[in-house]
Amino acid sequence: MLGLKAEPVGVDQPPPLHVFAHASTLHGLAHIFSSDRVTAKCCTWMLLFLSSLGFLFYVCVDRIHFYLEYPHVTKLDEIAAPVMVFPAITICNLNSFRFSKVTRNDLYHAGELLALLNSRYEIRDAHLVEESALEALKIKADFQNFKPRPFNMHEFYNRTGHDIRDMLLSCHFRGLPCQPEDFKVSGIKTQFLLFLDIFPPKAPCISGIRFYNQAFLLGLPAPVFTRYGKCYTFNSGDNGPPLVTMKGGMGNGLEVMLDIQQDEYLPVWGETDKTSYEAGIKVQVHTQDEPPFIDQLGFGVAPGFQTFVSCQEQRLLYLPPPWGTCKAKLLHSDFFSTYSISACRMDCETRYLVENCNCRMVYMPGDAPYCAPELYKECADPALDFLVERDNEYCACDTPCNGTRYSKELSFVKIPSKASTKYLAKKFGKSEKHIIENVLVLDIFFEALNYETIEQQRVYEVAGLLGKTSYRLRRSPEPQAY
């Protein structure tokens, strides 16, 4: 028979926990279980180990909590460019209606809206009116045997608004001459047909900027309507690629000399939403994709001054939620295809007025009927004022994730000088007083041929969270064997 040899049983084999502790690479664990007895050395290592473990949990919880706050940082950079797209420039006269173009039919329908007549079709506060204006107003306000004709607010704004061809005394872009036909914006075909009736086509002309055949409807200066009425946009990009500039500094942008025509301003002896106490123009510098929102985003230019506007393009890149608050998706609108704060506000205001007044103002997009003068006064103007001044939450518009804006620095010099007043009066066929009270020069240019990027970046991705936690742990003090 074969004998079986029994394996000796080790009586001193250590417990599994001791084996694991000595085999582990976790610092200090082997020293806690170094003997069968509880010694001061074991207690010290136990205290250090638990402290380190607690610090580990603290760091992990702190980093996870910070990650869940979705923090971001903002990166600024300045980048040179050989060529830059010149912005769109929208210009509005602060006076919405030319007094000489207001007819008897206009006064009958809109005289109270313009604060020229009272509710009984009588001249308001005649003692405040200048003699020349009073005589003209008396003739227009004589409604004896008058039969009113249909009245349309859009046609009224279009016909009585200031004409760029009368205001524009000179225009240069990059040193080359530009024409009133260069001030245009997209419009409805019926508007162009209306302009064709008012302004018959002229012979073809060549400007220093582009070639326009004025036999076509698009060759006519077309207005853009804002809350100031009839306005004009230079370099709208509507009829081809927008203009570019290849140099910074004065003389490499747009320079215009304008006549604001104060003699055409409506007399003021009452106060309405259409009343303007100021004289000058309102200007907005914006991208070609952004509709003008000049009543809130424009700046004023006064007659008697040459205003220099030094611009720098800023390209903005914001983060969507949860890191930021920008609007990632396009605006769901029947009016605009590109999201911007201006487009969002205009879309919201239009819908608000249509819902509350069943009409829209002249400058608003869409196909709702235009508000009649009585609705302007009783509903549209008060509703819009309430929306703009008090109810900011109704039209709260998020910042777009990608956008472009223009920072501006303005400086001024007096114009005309005493030495040039007579020359300018002779050149433009105006009186010296008219030149002093009405002429201004606007010079808009890039400060330098570069743009600034403002970009929000995430502080942490998941990999960054792990790496940052590991880095913090590596820098933490560790117990050493002794």
Inter-site label distance for A419 and T338 at 7 Å from Cα along Cβ, in nm: 4.5 nm
Neighbourhood charge, 15 Å Cβ-Cβ cut-off, centred on D334 and excluding it, Lys, Arg +1 and Asp, Glu -1: -2
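Starting from the Cα-Cα distance between C43 and L317, subtract it from 0.36 nm times their residue separation and give me the gain in nm to one decimal.
Taking 0.36 nm per residue and subtracting the Cα distance, the gain is 93.1 nm.
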Proximal charge balance of D295 [Cβ under 10 Å; K/R count +1, D/E count -1]: +2
Residue-count net charge about S407 - beta-carbon cut-off 11 Å; Lys, Arg +1, Asp, Glu -1: -2
Least to most buried among K427, K247 (fewest other Cβ within 10 Å first): K427, K247
Cubic angstrom per residue, convex hull over Cα atoms of the stretch 327-398: 80 Å³
For the stretch 296-441: rounded, prolate or oblate by the Cα gyration tensor [a/c cutoff 1.5]: oblate
Burial order of peptide ranges 58-66, 107-115 (average beta-carbon count within 10 Å, highest first): 107-115, 58-66
Cα-based Rg of the stretch 222-295 normalised by 2.2 N^0.38 Å, two decimals: 1.38
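Of K101/K377; K138/K422; K247/K418; K377/K430; K140/K426; K282/K427, which pairs sit farther than 29 Å apart, going by alpha carbon to alpha carbon?
Details: K101/K377 21 Å; K138/K422 35 Å; K247/K418 32 Å; K377/K430 37 Å; K140/K426 33 Å; K282/K427 26 Å.
Pairs exceeding 29 Å: K138/K422; K247/K418; K377/K430; K140/K426.
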Label point 7 Å beyond Cα of Q144 along Cβ direction - residues of the stretch 83-106 with amide nitrogen under 18 Å: 104-105
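Assuming 1.002 mPa s and 20 °C, estimate D for the stretch 99-151 with Stokes-Einstein, Rh taken as the Kirkwood radius over Cα pairs, in µm²/s. Walk me through the intermediate numbers first.
Values: Rh = 11.3 Å.
Stokes-Einstein gives a translational diffusion coefficient of 190 µm²/s.
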As computed over the stretch 40-84, the Cα convex hull volume per residue (Å³): 103 Å³
Approximate spin-label separation N358-E437, in nm, with each point projected 7 Å along Cα-to-Cβ: 4.5 nm
Reduced Cα scattering model of the stretch 35-110, Debye log10 I(q)/I(0), q = 0.12, 0.18, 0.25, 0.26 Å⁻¹: -0.77, -0.96, -1.14, -1.16
Rough spin-label spacing in nm, given labels placed 7 Å along Cα→Cβ, for S100 and S170: 2.4 nm
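None of the figures in this text is laboratory data; all of them are computed from the coordinates on show. Small disclaimer: the values here were computed from a predicted structure and weren't measured. A quick note on method: Cβ atoms are made from the backbone with ideal geometry, for glycine too, and the neighbour counts reach across all protein chains shown.
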